[in-house]
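Data first, discussion second: the structure below is written as structure tokens.
The values are calculated or read from the model by the stated rules, or taken from the named source; none is laboratory data. Predicted model, so just to flag it, every value in this text is computed and none were measured. Reconstructed Cβ throughout: ideal geometry from the backbone, glycine too, with neighbour counts over all protein chains shown. Keep in mind that these areas ignore ligands, DNA and RNA; they rest on the heavy atoms of the full protein, side chains included. Shrake-Rupley method; radii C 1.70, N 1.55, O 1.52, S 1.80 Å.
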Amino acid sequence: TMNKTIQFLIFLCILTTSCFAQTGITWNATTDIISASGNNHPRIAIDRSGNPLLLWNNTTDAMFARWDGAAFTTPISINPNNIDVAGAAWMGPDIVSFGDTVYIVFKQSPESIDTCHIFCVHSYDGGVTFSTPVQVDAIADSLSRFPVVTTDDSGNPIIGFMKFNASYLDSRWVVARSSDFGFSFSVDTKASGWSSGTSVICDCCPGAIACSGNNVAVVYRDNNSNIRDMWAGISTDGGNSFSFGMPIDQHNWSVFVCPSTGGDAEIIDDTLYSVFMNGNGGTNLCYMNTSSISEMAGSQGIELTDAIPGLTFQSYPRLASDGTAMAVTWKQNVNGNDQCLIRFTNDISNGLPMAYDTVDLNHIVNADVAVYNGTVYVAWQDDSSLTIKLRTGAFNSTTSIRDNMSTHNFSVYPNPTSSEVLIMNENPMDEIKITNLLGQEVYESKPMLKKVSLQLEKSGIYFVNVTSDNHKFTKLLSVVK
């Protein structure tokens, strides 16, 4: 026993040291967000200024808190009192940000009733205020669950979710999208069913959705006669239709029960990066896949780690990128300890190094990761202290490949406004067009300036469209008189 204790202490030291040395990330101390029972399934997004926005499930509520520059705000419930939210440690609400525009999606509980829907709320001020819920699913007498959300390059939400008939059969993943920044959603289009004509989906495995340019990918666990590998449904027209799918797993995992764990995905240029768990071979391990969208052919996933002494299982992998930087986090159990690990690179074009850091050593249930402007953010659920925790780390960022449509160099301030508004861009603006929600133009100019001040006469939501240096930028403006 003394030798085992010494071995464990050595192992602990190695893991602790790796937090500061292996990936090039310099980690800060852990922050407790909230300590109470029932808090699980944290999800994280980042606003335009680099402040973390945290979402998690608490029994029947979708809870939200944001960093205000000094501390996390008091958590608020996103859902109204008359709508309960479906959530657990392995599934729950989802969040995405596009600058200071924030979207949160959740499924109304109980999931098995066709009058319980999927809803989306939006914020245009970085999570200070949120809209009332907008129904996403048009499901008639069917059932829905597991919503996930991303945005297109203009900041409109694209939402994926599961859909079933009234008997929980004919399971498939579908996508609904918005062209008015979350005020309404299109009728959904099917994204799954590519492995065979009779395949369905694993109805207890959450999925993921990613978008870049016109490419949209829905990553899901397929069920083709109990072969439960991961697939990606691919759209090349912004999520309006899905023309093909590709396998991103290919381990032929034959299992007769749904494993209740999904995957995650990011798209950079033509490449789909995805992570997932597979149990073929007897041990649940996490994998990463890199596939070309234009070639329309998936590749086999590669294990996230080499052999680890005492490893029992891995699960719940998550993926995030910012420019060329990419991070992958997951949960694993080693010698009875549930740990949170991370692999990282500041230039994914050179691949993902095998070195990893251990963000936390025990009691991990589910984690999420975000990357922004030289900082990595990891949030997780601690099952011992019943706490949602956050840890940040700094890295040396390389030249970014942020999309030209991002909002980081283009701002509309203040927003909301009751009087004057400043429209600012890093480069001179060739043209400014402002339209209302009906598409009616209310302002147009060709200023050739970096900053323009103006006033709008009526209250409402407006689209501020700027053309600069052959690129177009769009941002929402709320005017309150």
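The table for this structure:
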read-out	value
Residue 415 being open to solvent by 70 Å² or more (accessible area, probe 1.4 Å), within 30 Å of residue 67 (Cβ to Cβ) and either among the aliphatic types (A, V, I, L, M) or not in a strand (DSSP E or B) (or both)	no
Strands (runs of 3 or more DSSP E) lying entirely in region 90-139 (those with 3 or more residues that are touching a residue at least 60 places away in the same chain (Cβ under 8 Å) and in contact with a His (Cβ under 8 Å, 6 or more places away or on another chain))	none
Scan of region 41-61 for residues that are under 20 Å from residue 386 (Cα atoms) and over 16 Å from the mean Cα position of the chain (by Cα), ordered by number	58, 59, 60, 61
Any hit, region 329-341, residues being closer than 23 Å to residue 290 by Cβ and open to solvent by 10 Å² or more (accessible area, probe 1.4 Å)	yes
Residue in region 145-160 that is more than 17 Å from the chain's Cα centre (by Cα) and more than 27 Å from residue 366 (Cβ to Cβ) present	no
Residue list for region 465-481, restricted to those being open to solvent by 80 Å² or more (accessible area, probe 1.4 Å) and free of Cβ contacts under 8 Å to residues at least 40 places away in the same chain	470
Residue list for region 65-89, filter: more than 24 Å from residue 322 (Cα to Cα), in contact with a Ser or Thr (Cβ under 7 Å, 6 or more places away or on another chain) and not in a loop (DSSP other than H, G, I, E, B)	85
Matching residues in region 420-440 - criterion: being closer than 18 Å to residue 478 by Cβ and in a strand (DSSP E or B)	420, 421, 422, 423, 424, 432, 433, 434, 435, 436
Of the criteria (1) buried (at least 24 other Cβ atoms within 10 Å of the Cβ); (2) at positive phi, which one residue 226 fails	(1)
So residue 283, is it open to solvent by 40 Å² or more (accessible area, probe 1.4 Å) and among the β-branched types (Val, Ile, Thr)	yes
Answer residue from region 9-34, given it is open to solvent by less than 80 Å² (accessible area, probe 1.4 Å), more than 16 Å from residue 340 (Cβ to Cβ) and within 26 Å of the chain's Cα centre (by Cα) and is modelled with the highest pLDDT among those	24
Conditions (1) in contact (Cβ under 8 Å) with a residue 12 or more places away in the chain; (2) closer than 20 Å to residue 76 by Cβ: number failed by residue 144	(2)
Filtered residues of region 150-172 (kept if assigned to a loop (DSSP other than H, G, I, E, B) and either β-branched (Val, Ile, Thr) or closer than 23 Å to residue 410 by Cα (or both))	152, 153, 154, 155, 156
Answer from 307, 297, 325 - the residue that is without any contact (Cβ under 8 Å) to a residue 24 or more places away in the chain and either surrounded by 24 or more Cβ atoms within 10 Å (Cβ to Cβ) or among the hydrophobic types (A, V, I, L, M, F, W, C) (or both)	307
Some residue of region 241-249 being without any contact (Cβ under 8 Å) to a residue 24 or more places away in the chain, part of a loop (DSSP other than H, G, I, E, B) and open to solvent by 50 Å² or more (accessible area, probe 1.4 Å)	yes
Some residue of region 387-410 being among the aromatic types (Phe, Trp, Tyr), touching a Leu at 6+ places or on another chain (Cβ under 9 Å) and either open to solvent by 60 Å² or more (accessible area, probe 1.4 Å) or at pLDDT below 90 (or both)	no
Residue in region 140-149 that is under 12 Å from residue 120 (Cβ atoms) and in a loop (DSSP other than H, G, I, E, B) present	no
Criterion (open to solvent by 20 Å² or more (accessible area, probe 1.4 Å) and within 26 Å of residue 242 (Cβ to Cβ)) met by exactly one of 290, 312	290
Answer residue from region 30-70, given it is in contact with a Gly (Cβ under 9 Å, 6 or more places away or on another chain) and of a type in the set (D, E, K, R) and is nearest to residue 319 (Cα to Cα) among those	43
Condition broken by residue 354, with the remaining ones in (1) more than 18 Å from residue 92 (Cβ to Cβ); (2) surrounded by 24 or more Cβ atoms within 10 Å (Cβ to Cβ) satisfied	(2)
Residues being open to solvent by less than 50 Å² (accessible area, probe 1.4 Å) and either at pLDDT below 85 or within 33 Å of the chain's Cα centre (by Cα) (or both) - total across region 435-464	7
Top-ranked residue in region 109-162 [being surrounded by 22 or more Cβ atoms within 10 Å (Cβ to Cβ) and among the charged types (D, E, K, R); ranked as nearest to residue 220 (Cα to Cα)]	145
Criterion (farther than 16 Å from residue 365 by Cα, of a type outside the set (Val, Ile, Thr), without any contact (Cβ under 8 Å) to a residue 12 or more places away in the chain and open to solvent by less than 50 Å² (accessible area, probe 1.4 Å)) met by exactly one of 71, 45, 86	71
